[in-house]
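S.K.: I am attaching a structure below and will ask some questions about it afterwards.
Nothing in this text is a laboratory measurement; each read-out follows from the coordinates by a stated rule. As the structure is a computational prediction, the values presented were derived from the model and not from experiment. We place every Cβ from the backbone using ideal geometry, glycine too, and count neighbours over all the protein chains shown.
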Amino acid sequence: MAPSNEDALERRIAEWSEKAAGTVERYRELEQRLGALSITEEGLNGGVRVTVGQSGLVTAMSASDNLVGVQPSQVVAELLAAMRRAQARLAAKVEEVMVEVVGDDTESVSAVVGSFRRAFPEQSDDEGNRDPAKEHPQNWDEDEGFTGSPWQR
């Protein structure tokens, strides 16, 4: 006996329902993985560290006690530069996670990754990625931070 149109319609509805449930499950996984995403960047040879979460907001920030002789303004500049570098890395990490989880939805991947790239552009070396330890190696000690006069920096 040939399958009726009603049977074919029921099968199509069941297939569509399964596909929709699978899509919902993948986007739940995506939400969880992106929610757990964080990126940490350092500056001043590890003397400052900044972590940003998936939204780009700072979730942790620290400055080492080894930054002896470093001007507070330089510490602040390095913290901001580390934050911007971490934020700039978000787009690539979000893209990696999205492709793994919902890679077949290329339109969504492109839209989301594009919004991250616009919000957090890549940082060039001229945009705060200075490393005073490299600029003044004669005044830098790995354990002590800067040594000598702060005016030598």
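S.K.: Give the span of region 42-107's Cα atoms along each principal axis, as three whole-Å numbers ordered largest to smallest.
M.R.: So the extents along the principal axes, rounded to whole Å, are 53, 17, 16.
S.K.: If you count, for each residue, the other Cβ atoms within 10 Å and average over each peptide, how do 43-50, 113-120 line up from highest to lowest? Working shown, then result.
M.R.: Working: 43-50: 21.6, 113-120: 15.1.
Ranking, from highest mean packing down: 43-50, 113-120.
S.K.: Once region 30-74 is represented by equal point scatterers at the alpha-carbon sites, with solvent omitted, what log10 I(q)/I(0) does the Debye formula produce at q = 0.27, 0.33 Å⁻¹?
M.R.: -0.93, -1.14
S.K.: Rg and Dmax of region 5-133 over Cα atoms: what are they, in angstrom?
M.R.: 21.2, 82
S.K.: Could you give the size of the charge dipole of region 48-124 about its Cα centre, using +1 on the Cβ of each K and R and -1 on the Cβ of each D and E, expressed in debye and rounded to the nearest 20? Present the calculation step by step, with values, prior to reporting the outcome.
M.R.: Values: 7 positive and 9 negative charges, 80 e Å.
With only Lys, Arg, Asp and Glu charged at Cβ, the dipole is about 380 debye.
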